1. Identify all residues within segment 321-365 that are of a type in the set (A, V, I, L, M, F, W, C) and out of contact with any helix residue (DSSP H, G or I) (no Cβ under 6 Å at 6 or more places or on another chain); write none if there are none.
2. Looking at the structure I just gave you, is Glu38 acidic (Asp, Glu), surrounded by fewer than 22 Cβ atoms within 10 Å (Cβ to Cβ), at positive phi and at pLDDT 95 or above?
3. Please work out which residue is surrounded by the fewest Cβ atoms within 10 Å (Cβ to Cβ), limiting yourself to segment 181-223 and to residues that are over 21 Å from Ser167 (Cα atoms) and among the acidic types (Asp, Glu).
4. Which residues, taken from segment 242-263, are aromatic (Phe, Trp, Tyr) and either surrounded by fewer than 17 Cβ atoms within 10 Å (Cβ to Cβ) or modelled with pLDDT under 95 (or both)?
5. Would you say Thr357 is surrounded by fewer than 18 Cβ atoms within 10 Å (Cβ to Cβ) and either more than 17 Å from Val232 (Cβ to Cβ) or modelled with pLDDT under 85 (or both)?
6. Where in segment 126-230 are there strands (runs of 3 or more DSSP E), lying fully within it, with 1 or more residues that are touching a residue at least 40 places away in the same chain (Cβ under 8 Å), farther than 23 Å from Ser254 by Cα and touching a helix residue (DSSP H, G or I) at 6+ places or on another chain (Cβ under 7 Å)?
7. Can you give me the number of residues within segment 91-125 that are touching a strand residue (DSSP E or B) at 6+ places or on another chain (Cβ under 7 Å), in a loop (DSSP other than H, G, I, E, B) and among the aliphatic types (A, V, I, L, M)?
8. Just wondering, is there one or more residues in segment 171-188 that are aliphatic (A, V, I, L, M), within 19 Å of Ala33 (Cα to Cα) and within 12 Å of the chain's Cα centre (by Cα)?
Amino acid sequence: MRLFLFLILPVTLFAQKADFEAKRIKKHLSYLASDKLEGRGTGSMGEQLAAKYLIKQFEKAGLKPYGGEGRPNLSYVQSANIVGYLDNGADKTIVIGAHYDHLGKGDQGSSLQANSEGSIHNGADDNASGTSGLVELAHHYAKNGITEKHNFLFILFSGEELGLIGSKYFCDNPTIDLKSVNFMLNMDMIGRYREDKGLTIGGYGTSSFWGKAIPQIARNQGIKYNVDSTGVGPSDHTSFYLKNIPVLFFFTGSHSEYHKPTDDANLINYEGEAKILGLAKAIIEKVEESPKLDFVQTSNPHAGATRSTFKVTMGIMPDYSYDKGGVKVDGITKDRPAAKAGVLAGDVLLKLGDIETKDVQEYMKALGKFEKGQTVDAEIKRGNEKLTVKVTF
């Protein structure tokens, strides 16, 4: 995976209007979610067109290339993260991320439309909305004429739909010291804000700061919201949480067009997205006034935006890029069944009960076979040793 890295040095500019404009968001999103890009499938020509457009937007903001290159071991595609760095000469950095890939023509899996192969999945909400929002935040912080107390790292991830591949790769091969990261904000599906449903804010429990600061900020911004305290979920903030970094995850909710060819630009609430960007800005301003955030490991399983529903959970984060047989454990949620059974990060799950877990898909199917309170044998590989532990769901 090639990493396009950018650097901007602080310069003196005339301050611009702070509000985020719906028409600018619409301009970006309408292109990214157009049929021309054919659904931005990971590694596809459409995704490459999206990358060219996004790099051009970073360049318009005044960002300069900075850094090196790297590639993960993907068997069938090559894709690129796009990373822009705003250097304010600070000790701390805020990471703002969004994934810009989607499902292409339905040929990379995960489509929820029957017989969808060959149909363009434009992914307007998922996640041209978050991508467009990130571009506008990058433009704001590069052009506002203020030298903030944080550096900013803007990351557009590829491979999210294939299993958080881009964010995991970056966190395993960071181009900055991750210890300098104060928090990571992830925007995934922020285009369908409704006043009655509100915004879901994930990662709420990953720092004590969020519960103290966000309620008043949201009231001031006129944003209704719900919270999900855990740092683990089906999007790219998970990769940063597993590196002990406080995270926030902005998400306006699932809908009937999710992962279908009908997720189109005409259904986006552009004014609502502009309000969400205003909330992000206000939170960042509060963080600017505060000491370095504390990190809190969350114990509850993610519930607010899961893509599948099971009666049981093990409380593990799989390594979706692992392809050597079994499910490699990338992270463990404390006080959940896997942790209580003694499963460790780095273990490879080979079998649950009588069901072989050859890959993540088989593991997901296996979870649907068990009931709460049931105890089963789990066969794991730890280094060169095979072990059997008892997991109680």
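1. Looking only at segment 321-365, we keep the residues that are of a type in the set (A, V, I, L, M, F, W, C), and these are 327, 329, 332, 338-339, 341, 343-345, 348-350, 352, 355, 360, 364.
Residues satisfying the conditions are Val329, Ala338, Ala339, Ala341, Val343, Leu344, Ala345, Val348, Leu349, Leu350, Val360, Met364.
2. It is true that Glu38 is acidic (Asp, Glu), surrounded by fewer than 22 Cβ atoms within 10 Å (Cβ to Cβ), at positive phi and at pLDDT 95 or above.
3. It comes out as Asp196.
4. So the first thing to find is which residues in segment 242-263 are aromatic (Phe, Trp, Tyr), and the list is 249-251, 258.
Answer for segment 242-263, where residues must be aromatic (Phe, Trp, Tyr) and either surrounded by fewer than 17 Cβ atoms within 10 Å (Cβ to Cβ) or modelled with pLDDT under 95 (or both): just Tyr258.
5. Criteria not met by Thr357.
6. Details: elements: 150-157, 181-187, 199-202, 225-228.
By residue number, 150-157, 181-187.
7. Number of matching residues: 1.
8. Yes.
The values are calculated or read from the model by the stated rules, or taken from the named source; none is laboratory data. What you see is a predicted model, and the numbers here were worked out from it, not measured in a lab. For neighbour counting, all protein chains shown are included, and Cβ atoms are generated from backbone atoms with ideal geometry for every residue, glycine included.
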